[in-house]
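Notes for the one structure printed next.
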Amino acid sequence: MFSGNQKPFAPACERNKDPILAALRQVIRSSDRHLLEVGSGTGQHAVYMARHFPQLVWHTSDLPPAHAGIRAWLESAGVPSIQPPVAYEAGRDDFPAADASTGFDVVYSANTLHIIGWDQVLALIDDLGTHLSSGARVVFYGPFNRGGEYTAPSNAEFDRWLKQQNPVSAIRDFEAVEQAMQSAGFQCRQDMPMPANNSLLVFHRL
Ligand SMILES: C[S@@+](CC[C@H](N)C(=O)[O-])C[C@H]1O[C@@H](n2cnc3c(N)ncnc32)[C@H](O)[C@@H]1O
């Protein structure tokens with residue numbers, strides 16, 4: 001159990017939360033009602049972002065081992081629009097539901113595509129294509145290769161480190177993600193450069 005100052009803490013979330021928030025402000029609409037975060041991690045992004053979008057119910061999700069940490073952040077933040085974490089492991093679990101009457105307007109996932117295996121990336125994209133309706137948006141944040149090349153020496157080093165941790169992890173090619181998303185019914189409408197050689201990709205369900 002986590003409590004008080006024992007909450008899990010990811011320094012990267014503190015560094016990237018403001019640039020990501022600024023980008024999300026361009027994507028999230030006043031008419032949006034439900035956002036699903038895939039791979040909420042510590043829960044830091046949820047508690048920081050959600051309070052800026054009071055029209056949204058912010059649904060957190062991750063694998064069960066992450067849930068206690070996410071709950072600890074939610075309890076200390078006291079933002080009632082954030083939902084407790086549900087179990088969602090792409091490629092294994094059923095896609096979460098927003099509520100009985102409607103689907104998600106936005107799915108947001110930061111720093112997950114390079115962690116999960118490519119098969120799981122494809123399973124996630126398949127779920128998105130199956131469960132999101134026309135007009136819904138998907139936001140992926142993280143490092144991506146371009147034209148089969150790293151965009152910076154630091155990303156090449158990060159990719160080597162990722163593969164040492166888990167051979168299925170890897171920085172993904174933007175073009176491969178875009179192709180899979182297109183096949184699932186999405187169009188990439190924004191490709192925003194972000195600090196530290198990351199990108200924020202916005203796909204719209206057609
Ligand atoms: C690097 S962390 C990113 C956490 C947070 N979004 C952030 O930006 O700090 C990757 C997250 O993906 C989750 N994850 C691992 N496999 C997954 C899967 N198959 N489907 C969804 N999430 C997964 C991990 O539990 C972890 O919380």
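Read the figures in this text as sums done on the coordinates, not as results from a lab. For clarity, every value in this text was computed on a predicted model and none was experimentally measured. Backbone-built Cβ (ideal geometry, glycine too); neighbour counts: all protein chains shown.
Quick notes
- Residue within segment 6-22 that is more than 13 Å from the ligand (Cβ to nearest atom), under 21 Å from Asp99 (Cα atoms) and of a type in the set (S, T, N, Q) present: no
- The number of residues in segment 158-177 being acidic (Asp, Glu) and outside any helix (DSSP H, G or I) comes to 1.
- Pairing residues of segment 84-109 that are on the phi > 0 side of the Ramachandran plot with residues that are buried (at least 17 other Cβ atoms within 10 Å of the Cβ) and in a loop (DSSP other than H, G, I, E, B), at Cβ distances under 8 Å and at least 6 apart in sequence or on separate chains, gives Gly91/Ile116.
- Every residue from segment 143-157 that is assigned to a helix (DSSP H, G or I) and either closer than 13 Å to Pro193 by Cα or in contact (Cβ under 8 Å) with a residue 40 or more places away in the chain (or both): Ser154, Asn155
- For Leu128, the criteria (1) more than 21 Å from Ser30 (Cα to Cα); (2) surrounded by fewer than 20 Cβ atoms within 10 Å (Cβ to Cβ) hold in every case but one, which is (2).
- Within segment 178-200, the set of residues being farther than 15 Å from Val107 by Cβ, assigned to a loop (DSSP other than H, G, I, E, B) and among the hydrophobic types (A, V, I, L, M, F, W, C) comprises Ala196 only.
- Criterion (within 12 Å of the ligand (Cβ to nearest atom) and buried (at least 16 other Cβ atoms within 10 Å of the Cβ)) met by exactly one of Gln83, Gln44: Gln44
- Selection over segment 92-106 of residues that are among the hydrophobic types (A, V, I, L, M, F, W, C), crowded, with 18+ Cβ neighbours inside 10 Å and more than 11 Å from the ligand (Cβ to nearest atom) gives a count of 2.
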